[in-house]
Structures are given as structure tokens and as C-alpha cells.
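Since the structure comes first, as C-alpha cells, the remarks are kept for the end.
Just so it is clear, none of the values below were taken in a lab; they were calculated from the coordinates. Source: prediction; values computed, not measured. A quick note on method: Cβ atoms are made from the backbone with ideal geometry, for glycine too, and the neighbour counts reach across all protein chains shown.
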Amino acid sequence: MKALLQRVSRAKVTVDNQLVGEIGTGLLVFLGVDKDDTPAITEKLLQKVLSYRIFADEAGKMNLGLKETQGGLLVVSQFTLSAETHKGLRPGFSSAAEPTKGELLYNHFLTSAKANHPQVASGQFGANMQVELINDGPVTFLLESK
């Protein structure tokens, strides 16, 4: 499982010109599910996302996690994060979870996030989404479960 974290001033997701998720200051997380992922891996990655210290403390150092700042969390499914790109000029997706499993683990991540964090929004699994964001920094990190 992969989570691409972007520290944002604000972010939103629309589907068919309808707003489906929006946050102010916080984290936009693009979540990619691999075929070998499990609910346990999902839980571990979520805890890392919520605790990853990428927000500034009083001294301006990246010392605070999302739990401490109580910022928003916007989670967007992104199967292309599972692409194999090491050879050739076309991405391969054999390492990505099939859609049913991907949706199950994406929903597990969201349900668990909502149980562990007060402000959670999401995109729509499998939809053609338009994502708008203002990256704060810019600050972007790729977390992997492996």
C-alpha cells in the first residue's frame, strides 16, 4: 500500500462537477492499494499517516503530526500509485489490487480514519475525479507499507 501525502492549505475533490470532499489545512492523501495488502497493513499505514511529523511546531520545525494539529484529512483512491514504472514507456498494473479488493481496503482505511480522526473527507472510489489543492510548502511524501 502506498500513501502519497501532500500538506495542503486546502483541497477538494469533485465528481461530475459535484463536490464530494473538501478540507482546509491538513493532508491530502492519495491512496494506492497493492494486491498483497491486508487490513492489518491498512491500519499500520493509517497510523503512520496520522502521526507523520510534517507540520511545523512553534519553532518552525516539522515536529507535529496530523493528530496533533487536528487538521483535515482528505483521502483519494489512486490506483496508479501501484504502477510498475521501472522499465519501458508504459506503466504496468499487475501489482495493483483488483478493484473489489482495492475498494474494500480503501473503505477500511476511511472507516478507520473516521474512527481515529475528527475531520475526514474522501473522494469517490473508481470515479473520474478532479482534485484541486494548494500544496503548503510544497511538502509531499510517499509512504509505503513495504
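Quick notes on this one:
- Relative contact order computed over segment 42-146 (Cα-Cα under 8 Å; 6+ residues apart), in percent: 28 percent
- Cα long-axis angle, helix 99-116 against the chain (0 to 90 degrees, to the nearest 10): 20 degrees
- Taken one residue at a time, the phi angles of segment 49-55 give Karplus couplings (6.51, -1.76, 1.60, θ = phi - 60°) of 4, 5, 9, 4, 8, 10, 10 Hz. Gly and Pro are set to x.
- Stokes-Einstein D (µm²/s) once Rh is taken as the Kirkwood radius of segment 2-144 over alpha-carbon pairs, at 10 °C in 1.306 mPa s: 103 µm²/s
- For segment 136-144, 3J(HN,Hα) per residue [Karplus equation, 6.51 cos²θ - 1.76 cosθ + 1.60, θ = phi - 60°, Hz, x = Gly/Pro]: 8, x, x, 10, 9, 9, 9, 9, 10
- Charge tally in the Cβ shell below 14 Å around L105, where Lys, Arg are +1 and Asp, Glu are -1, L105 excluded: -2
- Mean ellipticity per residue at 222 nm, deg cm²/dmol - from DSSP H runs of n ≥ 4 across the chain, formula -39500 (n - 2.57): -7500 deg cm²/dmol
- Less than 5 angstrom separates the built amide H of R10 from those of I134, all sequence-distant by 5 or more or on a different chain.
- Distant-in-sequence amide contacts of V20, defined by a placed amide H-H separation under 5 Å and a gap of 5 or more residues or a different chain, comprise V13, T14, V15.
- Sequence-distant residues sharing a close amide H with F93 (under 5 Å, placed H): E84
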